[in-house]
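Engineer: Just passing along the structure, written as structure tokens.
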Amino acid sequence: MRVVTQYNNIFLIKFQFMPSLVEKVKKLPDRKWDARIKAWTVPVKHYEEVKSFAEANKFVFNDPGKHIEVEDVVYPEVELPELKTEIPLKMSLFNYQRTGVAYILDKKRLIVGDQMGLGKTAESIAAVTAANAFPCLVICPASLKINWQREWEMWTNNKALILNDTVKRTFRYFYETGLAKVFIVNYESLKKYFVAYIEPGQRITLKDIHFNENKNFFKSVIIDEAHRIKDPKSQQSKFTRGICDKKEWILALTGTPVVNKPTDLASELAIIGRIGDFGGYRKFMDRYQDADQHLQKELNYKLKSTCFIRRDKSEATDLPEKTRQVVMCDITTQKEYKDALKDLEGYLKKYRQATDDQVAKSMRGEVMVRIGILKNISARGKLHDLFEFIDDTLANGEKLVVFGHLKEVLSQVKKRYRCVSITGEDGMQDRQASIDKFQNDPGVNLIVCSIAAAGVGITLTASSTVAFIEMGWHPAIMEQAEDRLYRLGQKNKVNCVYFIGKGTIDEWVYKLIDEKRTMSDTITGAKDDVEENIMDSIIDLFNKKYEL
């Protein structure tokens, strides 16, 4: 039977094989043979030509809009390459990360969509290092600039420089003199460092943006949290696309590659220079903007074959069952913190001069109160970074547990998000109701907990990611809180994310806690002694005037 049927934005032409008909079909504009459904396809914009062809050759021409059933196609698994190159790194990659690096080196311009917590940062650093693709530009959210700098220096001997006003006109000299190979900038600052001027107009296009000489300085670009440039109309997307133009190495990192629909990928594909592999922007949108299950499978296969890799925690077989990650934050309460620190330093002078044991003991308690104030100020100053992390985690469809201590901090998180909670203000019935909702309700993805109220005795295995905005004084209580997720019933690797205020008491508390983890008294649960030791260490730290 000879049939022409409209399917989405194309006409499907099906008939029993006949050489003379094949020759006639080949004369139709933009015709293609689709082996998947064994039919010829022609875009609907050629309606008149297709209709004339159908009438001349006695085809049944179905009404526009009528769909046909498409047989389900089983696509082959895309085999990932093996890494055979030894890379000069300070630490060893996991096996699945080595595979990711090999894929990056093979594709060069791609989206790395590994699930949150699997180490996309390490993979990209290793790949750029292996390719010697320097100088390298890292574009990331402002809250992650310090973290990227630390990661580069933790994994390699290459120094990373965060762009700021003091090096705006001179940062390229840092590379030329060997002082830095990597440069880090946040999305909001792209215009400042890379745009010379923008031609005025109501609708600014990429052609209206004139970039300065910095645009051509970099050999590679890493775009972190790349789902933030999914809107091609945003200025940040246009700036990023212009900077990446004609780059040999472009790595777009995101744990949330598809935020709302498949076409969210279109902007990212254009930025990494891969949209042409899908027929161009317009063809990509026409084919996949309303993609059904069959077309989604097709898109998935094409992506993995050309420029996309994604693994989840179940595939990372060599990943430890529980990992810890530190996120360094520039606190927004810096002035308040410095004032409180100055006050503490003044009080410590009196404390050191005290001779009476009873007076010294009383003053010691006051010292700890003032140190607690520093912790609280730091916690409030980290909220902006925590909010960005929560937004990205929830956008990925993952559940998240957030732990804190200060009532003011937890209240701000609860006020901002639709969530459940376990705090000192919640009654026992409310607490259990919150646990049940978080564990069993797909619509409840965030639970906010106080370390004191939820640190022991409950199960939160519906999530495999826990974030700490504040820390207790000793490791035992932190491990207990981590283990609300890391316990019987957990099916995934657990990632524990600690938000640390840069240059604050947080750094020292985390370091001291980490050192105490290995002590036998922590294992046996001698919490009081551990707390005393840590408090003594912190007081000693201030007494010796160590720089925070």
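Engineer: Hey, what did segment 410-487 get for relative contact order, percent, Cα under 8 Å, at least 6 apart?
Structural biologist: Value for segment 410-487: 29 percent.
Engineer: Now, a different point. Could you report segment 104-171's accessible area per residue, 1.4 Å probe, as an integer in Å²?
Structural biologist: 32 Å²
Engineer: With +1 assigned to the C-beta of every Lys and Arg and -1 to the C-beta of every Asp and Glu, and no other charges, what is the dipole magnitude of segment 63-200 about the Cα centre in debye, to the nearest 20?
Structural biologist: So the dipole magnitude of segment 63-200 works out to roughly 1060 debye.
Engineer: Taking all protein chains in place and a 1.4 Å probe, what share, in percent, of the accessible surface of the chain do carbon and sulfur account for?
Structural biologist: About 48 percent, which is the carbon plus sulfur part of the accessible surface.
Engineer: OK, next. Please report the relative contact order for the chain, taking Cα pairs under 8 Å with a sequence separation of at least 6, and give it as a percent rounded to a whole number.
Structural biologist: Contact order relative to length: 11 percent.
Engineer: Whole-Hz Karplus ³J(HN,Hα) for segment 371-387, in order, using 6.51 cos²θ - 1.76 cosθ + 1.60 and θ = phi - 60°, x for Gly and Pro?
Structural biologist: My calculation for segment 371-387 gives 5, x, 4, 4, 4, 5, 5, 4, 4, 5, x, 9, 4, 4, 5, 4, 4 Hz in order.
Engineer: Please give the calculated 222 nm ellipticity per residue for the chain, where each DSSP H segment of at least 4 residues contributes -39500 (n - 2.57) and the sum is spread over every residue; nearest 500 deg cm²/dmol?
Structural biologist: Calculated at 222 nm, the ellipticity per residue is -12500 deg cm²/dmol.
Engineer: Specify whether the C-alpha gyration tensor of segment 388-502 places it in the rounded, prolate or oblate class, a ≥ b ≥ c being the square roots of the eigenvalues: rounded for a/c under 1.5, otherwise prolate if a/b is larger than b/c and oblate if not.
Structural biologist: rounded
Engineer: While we're looking at this one, here's another question. Whole-Hz ³J(HN,Hα) for each residue in segment 485-495, computed from phi via Karplus 6.51 cos²θ - 1.76 cosθ + 1.60 with θ = phi - 60°, x for glycine and proline: what do you get?
Structural biologist: Result, rounded to whole Hz: 9, 8, 7, 3, x, 6, 9, 10, 5, 9, 10.
Engineer: Taking a threshold of 27 Å on the Cα-Cα distance, which of the pairs K159/K502; K84/K302; K38/K233; K51/K302 fall above it?
Structural biologist: With Cα atoms farther than 27 Å apart: K38/K233; K51/K302.
Engineer: Between I477, G457, G501, whose Cα lies farthest towards the positive end of the dipole of segment 434-518 when Lys and Arg beta carbons carry +1 and Asp and Glu beta carbons carry -1, centred on the Cα centre?
Structural biologist: Among I477, G457, G501, the one farthest towards the positive end of the dipole of segment 434-518 is G457.
Engineer: Now, a different point. Are there trypsin sites (Lys or Arg not before Pro) in segment 365-461 that DSSP puts in a loop and that have at most 11 other Cβ atoms within 10 Å, and which ones?
Structural biologist: R418
Engineer: So which GluC sites (Glu not before Pro) in segment 301-342 are both in a DSSP loop and have at most 15 other Cβ atoms within 10 Å of their Cβ?
Structural biologist: E321
Engineer: Here's a follow-up. Which whole-number value in Å² is the accessible area per residue of segment 209-270, probe 1.4 Å?
Structural biologist: Averaged over the residues of segment 209-270, the accessible area is 35 Å².
Engineer: Place +1 on the Cβ of every Lys and Arg and -1 on the Cβ of every Asp and Glu in the chain, take the dipole about the Cα centre, and give the residue among L12, A379, T306 whose Cα lies farthest towards its positive end.
Structural biologist: L12
Engineer: Something else: Quick check for me: using +1 on Lys/Arg Cβ and -1 on Asp/Glu Cβ, what's the dipole size of the chain about its Cα centre, in debye to the nearest 20?
Structural biologist: Rounded to the nearest 20 debye, it is 2000 debye.
Engineer: State in Å² the accessible area per residue of segment 408-460; use a 1.4 Å probe, count heavy atoms of protein chains only, and round to the nearest integer.
Structural biologist: 52 Å²
Engineer: Of N95, S143, A133, which is farthest towards the positive pole of segment 3-149's charge dipole, taken about the Cα centre with +1 and -1 on the beta-carbons of Lys, Arg and Asp, Glu respectively?
Structural biologist: A133
Engineer: Would you give the gap between the C-alpha center of segment 1-48 and the C-alpha center of segment 389-454, rounded to a whole Å?
Structural biologist: Taking the Cα centre of segment 389-454 as reference, the centre of segment 1-48 is 55 Å away.
Engineer: Based on DSSP, what percent of beta bridges with both residues in the chain are antiparallel, to the nearest 5?
Structural biologist: 25 percent
Engineer: Tell me, in nm to one decimal, what length is gained between D34 and D343 on full extension, where the rule is 0.36 nm per residue of separation less the Cα-Cα distance?
Structural biologist: Taking 0.36 nm per residue and subtracting the Cα distance, the gain is 103.8 nm.
Engineer: Another question, then. Please tell me the relative contact order of segment 175-226 in percent, rounded to the nearest whole number, where contacts are Cα pairs under 8 Å and at least six residues apart.
Structural biologist: 27 percent
Engineer: Further question on the same structure: Let me know the longest stretch in the chain that avoids all chymotrypsin sites (Phe, Trp or Tyr not before Pro) found in a DSSP loop with at most 14 other C-beta atoms within 10 Å.
Structural biologist: Longest run free of exposed loop sites: 18-545.
The values are calculated or read from the model by the stated rules, or taken from the named source; none is laboratory data. The structure displayed is predicted, hence computed values, not measured ones. Glycine also receives a Cβ, built like all others from the backbone with ideal geometry; neighbour counts cover every protein chain displayed. Please note that ligands, DNA and RNA were not included when accessible areas were found on the heavy atoms of the full protein model with its side chains. Shrake-Rupley method; radii C 1.70, N 1.55, O 1.52, S 1.80 Å.
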